[in-house]
1. Applying the selection to the range 166-192, what residues are touching a residue at least 60 places away in the same chain (Cβ under 8 Å) and part of a loop (DSSP other than H, G, I, E, B)?
2. Kindly establish whether F187 is among the aromatic types (F, W, Y) and at pLDDT below 90.
3. Could you list, in sequence order, all residues of the range 198-237 that are among the charged types (D, E, K, R) and either buried (at least 23 other Cβ atoms within 10 Å of the Cβ) or not in a helix (DSSP H, G or I) (or both)?
4. Of the numbered conditions (1) surrounded by fewer than 16 Cβ atoms within 10 Å (Cβ to Cβ); (2) modelled with pLDDT of 90 or more; (3) not in a loop (DSSP other than H, G, I, E, B), A147 satisfies every one except a single condition; which is it?
5. Within the range 156-174, work out how many residues are closer than 22 Å to E381 by Cα and of a type in the set (S, T, Y).
6. Looking at Y230, is it over 26 Å from E176 (Cβ atoms) and either aliphatic (A, V, I, L, M) or touching a residue at least 40 places away in the same chain (Cβ under 8 Å) (or both)?
7. So how many residues does the range 320-375 have that are out of contact with any Gly (no Cβ under 7 Å at 6 or more places or on another chain) and part of a helix (DSSP H, G or I)?
8. Can you find even one residue in the range 245-266 that is at pLDDT 90 or above, among the aromatic types (F, W, Y) and not in a loop (DSSP other than H, G, I, E, B)?
Amino acid sequence: GHRRAPVACGGCPVPAPVRAPSHGCVRSPSARLRPNRGRPSPTRSHSVVRAGVEERSLYRSVPLCSRAASMQAARSVASARAQARNTTGATHARASPRRAVSRCLLEKQPEADETVRFPGKFVGGKAPEDLPRHLQERNRISTPWDAARIELAERFGASEAELDKAADISDEHLSEAYTMMQICRDFENECGQAYMAGKIRGFMHLDNGQESIPALLNDCIREGDLKHSYYRDHCHAIASGVDPGAVMAELYGKDGGTCRGTGGSMHIYDVASNFQGGWALVGEQLPYAVGAARSIHMDRSLGYPGKQHQNHKWDKMEKDDRIAVVFVGEGGAQNGRMAECLNAAAKENLPILFLVIDNGRAINTFTQDVAANQAVYRMGEHYGIPGALVDGQNIEDTLKVGRVGVDHV
């Protein structure tokens, strides 16, 4: 964006703007401290000057390194500085300690492949030896349906007929679940591409890898149920019946969005489908969901079916089978609001389903580091609220266990 003619600074083989001293040349003081500043991702360029070697051959692309790669490269800084101080001779006569450090970072920086950037993201096989212990101990859970039936019968009081009904998953049900999962994956991929292109502003949290939850929502949660999501709410809104075009328009800040473009990614809201919005703060949605469940309970007690059911007339409140559903992560489940809401829901026997999505991490905090009891699904036992554990990567078991839980509520 500079209008002045570029000139060569002498340290880099490419011309640099006059008013941009931090363009990446190591001769610039600011560039010495932050050589990657101003460089586009995913690759950033850096150049060094070394005697006896052509400068252009040293102008190379350095991929963005992960935290582990950065720490590994930083450990070699001290030795590089010592080597630069102690080395004598014509070869390194013009090489300063800072340039030697830069050369060391260029030559010894490992490639930022997926296994380095995401050490906990491996499927099958043996965990890497350098993987932290708390990650090695967390393996994929196994919840076979035969064992889950016994637990559901004991904790939820489900009869054999109810369990058989929940286990009756036809090809049509699987096709609908797969369709919803594919829609959610494609939608989130498009959101990610638009966000990286700068078309979507603000914060955005994608739901890739957790598509079984929207499939469950689409399978057994009804339109009249009051849904409360968290900051990963795109797919939850779509599975609740919100128009995907309206959700995307909200992300783009358009007037046709669910909140006319004022809510953004974390605040999708739709009255028609009773989707009570996403909530940006961790655990903030919990008390509101309990309040919604209490309103349903009061409607039953007063014989008032609610606005969306005013055209229905019934004499018994038991026919109003609406429930409140709240989504929360295992990190949000460690929030103090969770204990208060469990107590309030149990005390008044409220029709609410707590759906905890446990991926083992609360942003950058591991569950093992903050939770004394990592079995989040058993947090409600003290209050008399049953819970069940299911592998979210197994869509059939997710649908079966989810149906039993919803029917119980």
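The values are calculated or read from the model by the stated rules, or taken from the named source; none is laboratory data. Keep in mind it's a predicted model, so treat the numbers as computed, not measured. Don't worry about glycine lacking a Cβ; one is built from the backbone with ideal geometry, like all the others, and counts go over all protein chains shown.
1. I169
2. Numbers: among the aromatic types (F, W, Y): yes; at pLDDT below 90: no.
Taking the combined requirement at face value, the residue does not satisfy it.
3. Once the filter is applied, which keeps residues that are among the charged types (D, E, K, R) and either buried (at least 23 other Cβ atoms within 10 Å of the Cβ) or not in a helix (DSSP H, G or I) (or both), the range 198-237 yields K199, R201, D207, E211, R222, E223, D225, K227, R232, D233.
4. (2)
5. 1
6. No; evaluated as a whole, the condition is false for this residue.
7. 13
8. No, because not a single residue in the range 245-266 is at pLDDT 90 or above, among the aromatic types (F, W, Y) and not in a loop (DSSP other than H, G, I, E, B).
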